[in-house]
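To start, the structure itself, in C-alpha cells.
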Amino acid sequence: MFEQRHIHSLVTAGIALFTPAGIEGNAAESHHRNQPNIVFILADDWGWGDLSCHGHPWLKTPNIDRLAQEGTEFLQFNVSNPVCSPSRVAFMTGMYPARFCIHQHFNNAQHHIRCGMPDWLDPNAPMLPRILKQAGYKTGHFGKWHLTNMPIHGAPRPEQYGIDEYEVHCGGGDWPPSSRAQGLHRYMDKVVDFIRRHRNQPFFLNVWIHESHTPHDPTPES
C-alpha cells in the first residue's frame, strides 16, 4: 500500500535500537531517502509466547506472524522492568527507568508518594521521539501513554516529549478531550491516516495497544 517508503515495524517489547547521544544539530538536513519510517507496535501485557509464530497452541495471529516472517525477530533480550510504566520509560529514553525513580505503574499522587515516584516522566529526559523529530521525522503516538495517569493534573503533554500528533489514554487528567483515545478502532483509523498523510516523508509512530491488557471476553480455552 505504501510502496513509496519502507515501513519498519517493531513488534516486540524488548527492543532498544537507539542511543540518545550523538545527534548533530543539522540532522534535520539529512536526506529523507536514507531515513526509514518506523512503526513501533507495543501490545500491553502480551507475553512472548502469545503468538502462533512462537508456538502458541490455539491463538491465531496471522498478520503478526507475517511481520515476523518478513522482518527481523529479536529472540535474545532483557526486560529492564516487568511493569507497564517503567517499560515505557525505558523504550522512550533508552535508559534504566530506575534512573528516573520510576519502578511502578503511574497511578495517583498518593500512590506515587508511597512508592517514592514522580507524577510523570521528566520531559527533559533524552527522548527518542524528540531525537527523531530533530532529525527531520514527523512523530506520532496513538494508544496507551501511561507516562503519567488520569488522576494527575498538570502533567506535561506529549508535545513536550517530541510528539507531533497523538490520541492517547492513561494521559493527564486535565488534558483536552481531543487528546484522549476513544477506543481501538478509532485510534487505529488515526494510525492509518497518519501513515497515509506522511508516507512521503520520514516518520516515527508509536502504536501502543492496550486492549490485550485484560481478557474481558475470554474464550473457553483462555
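The values are calculated or read from the model by the stated rules, or taken from the named source; none is laboratory data. What you are looking at is a predicted structure, and each value in this text was computed from that prediction instead of being measured. Note that we place each Cβ from the backbone using ideal geometry, even for glycine, and neighbour counts take in every protein chain shown.
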Those residues of the range 86-105 which are touching a residue at least 40 places away in the same chain (Cβ under 8 Å) and charged (D, E, K, R), in sequence order: ARG88
Consider PHE203 against the criteria (1) among the hydrophobic types (A, V, I, L, M, F, W, C); (2) modelled with pLDDT under 95; (3) not assigned by TED's automatic domain parsing to the domain that holds GLY94: it satisfies all of them except one. Which criterion is unmet? (2)
Matching residues in the range 66-99 - criterion: being under 16 Å from ASN149 (Cα atoms) and of a type outside the set (Val, Ile, Thr): CYS84, SER85, PRO86, SER87, ARG88
Please verify whether ILE131 is touching a residue at least 60 places away in the same chain (Cβ under 8 Å), more than 24 Å from VAL83 (Cβ to Cβ) and buried (at least 16 other Cβ atoms within 10 Å of the Cβ), treating the condition exactly as stated. yes
Pairs only if they're at least six apart or on different chains, beta carbon under 7 angstrom, first in the range 170-184 and surrounded by 13 or more Cβ atoms within 10 Å (Cβ to Cβ), second part of a helix (DSSP H, G or I); list them, first residue then second. GLY171/SER179; ALA181/TYR187
Taking the range 195-209 as the region of interest, how many residues are out of contact with any Lys or Arg (no Cβ under 8 Å at 6 or more places or on another chain) and either in contact (Cβ under 8 Å) with a residue 12 or more places away in the chain or of a type in the set (Asp, Glu) (or both)? 5
Here's a check for you: in the range 55-71, which residue that is surrounded by 13 or more Cβ atoms within 10 Å (Cβ to Cβ) and free of Cβ contacts under 8 Å to residues at least 12 places away in the same chain is nearest to PHE142 (Cα to Cα)? THR61
Can you work out which of the residues in the range 17-53 that are of a type in the set (A, V, I, L, M) and at pLDDT below 80 is nearest to the chain's Cα centre (by Cα)? LEU17
